[in-house]
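Engineer: Could you have a look at this structure, given as structure tokens, before my questions?
The values are calculated or read from the model by the stated rules, or taken from the named source; none is laboratory data. The shown structure was predicted, so the numbers you read here are calculated from the model rather than taken from an experiment. Cβ sites come from the backbone with ideal geometry, for glycine too, and all protein chains shown count toward neighbours.
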Amino acid sequence: MSTDTLEDQTLDAAWELSRSVALRPESFGALAYHFGNRRLIFLKRRELVEVVRGLGDAPDARTALRRAGVPAEQWASFAAALRGLADADVIRPRQPAAEQPAGEQGEPG
């Protein structure tokens, strides 16, 4: 029986912004537009925007939260927000570079 909670699984995972999503800064946070499903999502906290932007450079979501200065007491609510963004395909689990298809590793194709 696993003792990992959904929150722990979310925070321990490596995430990245979906390649089909563009973030547009706004006074309240940002708009996330998904070019594939044409959904527009409001990120209503600047801290969440900073976390989402930092996910690709962090080994896991906990590190992205720490780097963005989010207090540990707020991590549960941020984990829930990240799960919602994952469900909407705004963020997605990041694959190790060795598992990514050729041309998606930042190398000239």
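Engineer: Which condition number in (1) hydroxyl-bearing (Ser, Thr, Tyr); (2) exposed (fewer than 15 other Cβ atoms within 10 Å of the Cβ); (3) under 15 Å from the mean Cα position of the chain (by Cα) is the one that residue 18 fails?
Structural biologist: Just one mismatch for residue 18, condition (2).
Engineer: Does the stretch 56-64 contain any residue that is more than 22 Å from residue 24 (Cβ to Cβ), of a type in the set (Asp, Glu) and modelled with pLDDT of 95 or more?
Structural biologist: Looking through the stretch 56-64, at least one residue is more than 22 Å from residue 24 (Cβ to Cβ), of a type in the set (Asp, Glu) and modelled with pLDDT of 95 or more.
Engineer: Can you tell me which residue in the stretch 67-84 is farthest from residue 18 (Cα to Cα), limited to those that are without any contact (Cβ under 8 Å) to a residue 40 or more places away in the chain and buried (at least 16 other Cβ atoms within 10 Å of the Cβ)? Step through it out loud before you land on a result.
Structural biologist: First pass over the stretch 67-84, keeping only residues without any contact (Cβ under 8 Å) to a residue 40 or more places away in the chain: 67-74, 77-78, 81, 84.
Going one step further and asking which of them are buried (at least 16 other Cβ atoms within 10 Å of the Cβ), we end up with 68, 70, 78, 81.
Values: 68: 20, 70: 22, 78: 18, 81: 15 Å.
Among them, the one singled out is 70.
Engineer: Which condition does residue 1 not pass, out of (1) hydrophobic (A, V, I, L, M, F, W, C); (2) at pLDDT 95 or above; (3) not in a helix (DSSP H, G or I), if it passes all the others?
Structural biologist: (2)
Engineer: Would you please name the residue that is surrounded by the fewest Cβ atoms within 10 Å (Cβ to Cβ), looking only at residues in the stretch 27-42 that are among the small types (Gly, Ala, Ser) and assigned to a strand (DSSP E or B)?
Structural biologist: Ranking the qualifying residues of the stretch 27-42, first place goes to 29.
Engineer: Within the stretch 47-70, does at least one residue satisfy the condition of being assigned to a strand (DSSP E or B), in contact with a Leu (Cβ under 6 Å, 6 or more places away or on another chain) and over 13 Å from residue 86 (Cβ atoms)?
Structural biologist: Looking for residues that are assigned to a strand (DSSP E or B), in contact with a Leu (Cβ under 6 Å, 6 or more places away or on another chain) and over 13 Å from residue 86 (Cβ atoms), one finds none in the stretch 47-70, hence no.
Engineer: Can you tell me which of (1) at pLDDT below 95; (2) out of contact with any Leu (no Cβ under 9 Å at 6 or more places or on another chain) is the one residue 86 doesn't meet?
Structural biologist: (1)
Engineer: Would you call residue 102 at pLDDT below 95, part of a helix (DSSP H, G or I) and more than 13 Å from the chain's Cα centre (by Cα)?
Structural biologist: For residue 102, the condition - at pLDDT below 95, part of a helix (DSSP H, G or I) and more than 13 Å from the chain's Cα centre (by Cα) - is not met.
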